[in-house]
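Take a look at the structure set out below.
The values are calculated or read from the model by the stated rules, or taken from the named source; none is laboratory data. What you see is a predicted model, and the numbers here were worked out from it, not measured in a lab. Because the Cβ atoms are built from the backbone with ideal geometry, glycine has one as well, and the counts that use them run over all protein chains shown. Areas reflect the complete protein model, heavy atoms only, side chains present, ligands, DNA and RNA absent. Shrake-Rupley method; radii C 1.70, N 1.55, O 1.52, S 1.80 Å.
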Amino acid sequence: MNAVDDTSNLLHEHDQLTPDDIPSLLTIIIETHPGTWTRISDSISFKSVLSSLLIFINAHLALHNNNKVAVIASHTDYAKFIYPPEPVQPTKGSASNSYTNSIPNGNNVNSRVESSNVSNGTNSNMYRQFREVNEAVMKGLEDLMVPLASDISIDTSESFNEHDYYHESKSAIAGALSLALAYTNTSLLTNDDQIGMRARFLILSVCEDLSFQYIPTMNAIFAAQRMKIPIDVCKLSGDTIFLQQASDTTGGIYMKIQHPDGLIQYLLSAFIIDPNLRQHVNLPTQKDVDFRAECFVTKRAVDVAYVCSVCLCIISIIPSSGHCPTCSTKFDSSTLLQLLKKPVVSKKKLKKKKKAITVTPSNGAVVIVDDKINNIPSSIV
């Protein structure tokens with residue numbers, strides 16, 4: 001408990017607050033691409049990750065009475081709030097305070113009945129706040145992961161494109177970061193408590209980088225840096241340049257999990273620690289950060305490239321059409337000629353050696369001179 005009675009509050013009213021007294025807002029972004037989770041199901045399943053994530057969320061809420069948490073799903077082509085649930089737009093004959101999922105205060109009877117059908121993981125004896133968060137997160141993520149083969153059979157309808165789910169590793173990470181920044185800014189401005197609140201992000205990543213999301217992702221990273229919000233990255237599969245730069249820029253932790261089976265140990269030993277206390281703990285750090293940008297055409301990291309002056313698109317090769325691949329702006333022809341012009345290597349001019357003059361006098365002697373006639377008998381000249 002933060003305060004035993006009112007007497008302790010009066011005694012410490014004017015004392016300086018310690019980091020333990022300041023609540024924290026933790027925003028978790030989890031990438032929910034079904035195909036990627038299916039490909040890594042041999043090393044770790046989505047259900048085990050969800051179980052470890054719920055334990056981590058409950059541990060964060062237990063550290064302080066006023067701690068808050070938000071969960072955002074970064075799906076294939078959109079980002080969505082999982083917790084807190086979004087309100088439903090009121091219609092005729094419906095109450096204005098109804099919600100899509102269980103309400104945080106637990107006053108909706110229908111949400112309780114609906115949440116009772118959620119698979120095991122919650123029970124009636126659980127702490128109320130833990131139960132509400134667990135039910136909302138489990139139901140929201142299970143609805144998104146319907147096509148996942150490990151949980152539910154794959155949809156064989158014509159609208160389902162198997163190639164999109166199993167061969168394209170994409171995620172709306174830029175949109176998820178934007179939602180997290182907007183929610184954090186709103187929460188900090190509308191905080192009813194007199195004590196300030198800290199904020200940080202945690203990204204559970206399984207997808208690779210998308211070149212067309214480079215600019216919005218970097219804008220979100222710089223916004224988080226300006227708001228002093230550290231971005232922690234827990235990489236379960238593959239590697240990503242964007243998130244490496246995000247952690248390094250904002251002072252967060254980037255950790256590539258070598259043993260996914262022990263995910264809960266990574267979460268509770270490294271990512272649970274408050275950023276203000278990390279300087280006193282020996283945490284794993286990333287030595288080499290790849291600061292290269294990714295080409296929008298070749299999808300590869302490049303050291304030197306061209307940049308569109310309109311949309312800041314990064315390209316290592318100029319398209320033959322002469323248009324920007326992102327904003328379709330037509331490049332100036334004279335500028336293209338200068339850029340495509342191959343470097344000219346000028347040959348070094350060699351000095352011509354002057355030929356020697358050979359003179360044969362009448363007496364049979366040979367005299368060789370360069371440019372002046374010297375030592376030649378007067379009869380010859």
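For this structure, a couple of remarks:
- Val233 vs. criteria of a type in the set (Val, Ile, Thr), open to solvent by less than 10 Å² (accessible area, probe 1.4 Å), without any contact (Cβ under 8 Å) to a residue 40 or more places away in the chain and touching a strand residue (DSSP E or B) at 6+ places or on another chain (Cβ under 6 Å): yes
- Within region 124-145, residues that are free of Cβ contacts under 8 Å to residues at least 24 places away in the same chain reach partners that are among the small types (Gly, Ala, Ser) and surrounded by fewer than 17 Cβ atoms within 10 Å (Cβ to Cβ) with beta carbons closer than 7 Å, at six or more positions or on different chains, in the pairs Arg128/Gly106.
- Residue in region 355-374 that is within 23 Å of Tyr214 (Cβ to Cβ), outside any loop (DSSP other than H, G, I, E, B) and either open to solvent by 80 Å² or more (accessible area, probe 1.4 Å) or at pLDDT below 55 (or both) present: no
- Residue match in region 313-324 (condition: open to solvent by 100 Å² or more (accessible area, probe 1.4 Å) and not assigned by the TED database to the domain that holds Leu54): yes
- Flag for Pro260 being closer than 26 Å to Leu61 by Cβ, of a type outside the set (Asp, Glu), touching a Lys or Arg at 6+ places or on another chain (Cβ under 6 Å) and open to solvent by 10 Å² or more (accessible area, probe 1.4 Å): no
- Just one of the numbered conditions (1) modelled with pLDDT under 70; (2) of a type in the set (A, V, I, L, M); (3) under 29 Å from Pro230 (Cβ atoms) is not true of Leu312: (1).
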